[in-house]
1. Which value results when the Cα radius of gyration for the stretch 29-163 is divided by 2.2 N^0.38 Å?
2. Could you please report the charge total around L226, scoring K, R as +1 and D, E as -1 over all other residues with beta-carbon less than 15 angstrom from its beta-carbon?
3. Find the centroid of the Cα atoms in the stretch 44-121 and in the stretch 184-255, then give the distance between the two in whole Å.
4. Treat the stretch 83-237 as a sphere of radius equal to its Kirkwood radius over Cα pairs and apply Stokes-Einstein at 10 °C in a medium of 1.306 mPa s; give the translational diffusion coefficient in µm²/s, rounded to a whole number.
5. How about the stretch 1-66: which chymotrypsin sites (Phe, Trp or Tyr not before Pro) there lie in a loop by DSSP and see at most 16 other Cβ atoms within 10 Å?
6. In a shell of Cβ-Cβ distance under 14 Å around A116, excluding A116 itself, what net charge do Lys and Arg (+1) and Asp and Glu (-1) give?
7. If you average 1/r across every pair of different Cα atoms in the stretch 181-298 and take the reciprocal, what Kirkwood value do you get, in Å?
8. Would you mind counting up the charge near E298? Only other residues with Cβ under 12 Å from its Cβ, with Lys and Arg at +1 and Asp and Glu at -1.
Amino acid sequence: MRPLSSPVLVTATPHITVEAPLCLSEADERVLKALGRQFEHWAGVALRERCRYGSTFDKDAWMAIHHQVRAAGAPTVYANAVVADAKALWRTSRKAQRRQLQDVTRALRVLDHKLALSPGDPKGYRDRKTWDGKFRRRQHLRSKQARLQRKYDEGRLSITRGGKHLLRNRHSLEESRFGSVDEWRAHWEARRRSIFGAGSSGPHSSLWCRVDPDSGEIFILLPETLRAYANVNPPHTTLPWYRLDAALDLSHYRGRQAWRADGFRRARQQGRPVTYSFSYDPAIRQSRGGWLVRATFEVPLPSAPIIKVGDVRGRRVAAVDLNACHLAVQLLDQSGNPTRARATLALELEGLTTAQRDGLLRRTVEDLAEFCRRHQATVVAIEDLGFSDGTAGRETIDAKKLRHVRSQFPTTIFRHRLVQMLSRRGISVVAVDPAYSSVNGARWWEDTVPEAKKPLSRHLAAAVVIGRRSQRYPDVRSSRCAPATYQRIGDGNANGQHRGAGGGQPRSHAPPGSQNRSRGQVGVWHGEGQPVGGRPVTDNPFWDTPEPESVDHSVRSA
């Protein structure tokens, strides 16, 4: 068993993004397409030069790449953004390469251990046929490891702008979602021709894109190669600028989302940095022209109370076990004991469009926030989804089918929605290492409540383990926390553990230290088995909280 990592308190970022479709004229669409082709060329030059330097990258290399992009015709503000994007793309690919090498090394370690045993050994493989297949598998992994190690040492990466998955769909159109080559090419060009740039503080909040906060007029800086399209001459500059006929309209942010549009207007009026980007979406081409504008800015968040991970003990925690089609939510009291407050939030994402999936994720997080508000939980404990390294990490699963099901889950989007929405409601999020949570939950917490009291399911038991880890309690349930009499929880011992079918007898003596308690008092015990004194049975949160609930909602389009 590998050692468990410590819980991490996740903080929300103050960056908010608003987006809106643009109803472009023919001239606007012509200019954006031409500028998108220029960005595709500049990004290719920057990424090619970045890969050529490999792991030996320093300030001189950055200046050389910047010079190459400037020589290709990019203004300084565009060159800075393109080079920064190439660096981030190379860094992400480097992390993926390192992770792949570690996975192969870990698999070889397991194969070496099991192949050292003879076929039929209880700790090895069951027969000779399986042993021979795993032996051939080890030979294949060894050659793959040597190839990956050589590439990693040399700093060579294989990066495809637009995505390798979309590139492979070109050769299997009948098996993909694309009906023709033209449809595939529209998506391919949309992935590669985005227009973006960094924001800056000042009266315009950006050096390459300016938006009027009142009228919504959009002005875009053009390179010298597209000066013929310029239709406006701002004062104090000789650079070519183009004013779009389309305006930025955020009127669709209304009701509970109106604060996003108001935050954007305040950011523009106060001169805070705003990062703009233009992208083409073929899915909305027929109805709204296909082009989207996104604006990212910072707003002061009404964040959750600042606490330390050690302060989670002593707070009510809503523990969440993330599954392929639902979230199992279990409320834990201050002592790490499961209460009767629990919920199952349906999360069926298979076969949904991107908009429907995003809307369902938002609705699920809202239901989780409502569960916390109703039961006064200020902390949500959830398995670590890669909060620390910014990747969509998941618990290592050996079963190929389960690994495929969980790979379809939008982990990054769910992680972002969860932290942002809960932080705005004053709820802290703690990321917990989920290793062995299902095994320990089934062993120590599943069916711990008598049948008449609706025992915990396997998923809820795993949620209990996750919540106890966030409170720094051990997974193991204490064996000395039953009251002097078994009138309220039936025959059993710790935390409602009842006799099994084998006819185990209840203990004939009370827990140590409980002989002097009055009848009708129950001791509340910490996870380590230490008592915290007695209190009336009616104050036990296990019996005062509402009955278990099950939340299911239909799919709504975002």
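No value in this document is a laboratory result; all are computed from the given coordinates. The structure displayed is predicted, hence computed values, not measured ones. Cβ placement follows ideal geometry from the backbone for every residue including glycine, while neighbour counts extend to all protein chains displayed.
1. That works out to 1.58 for the stretch 29-163.
2. Once all neighbours under 15 Å are counted, the net charge is +2.
3. What the calculation gives is 31 Å, centre to centre.
4. Once the numbers are plugged in, D ends up at 74 µm²/s.
5. Counting only loop positions with at most 16 other Cβ atoms within 10 Å, the chymotrypsin sites (Phe, Trp or Tyr not before Pro) in the stretch 1-66 are F57.
6. +3
7. Working: mean 1/r = 0.0637 Å⁻¹.
About 15.7 Å, per the Kirkwood formula over Cα pairs.
8. The answer is +2.
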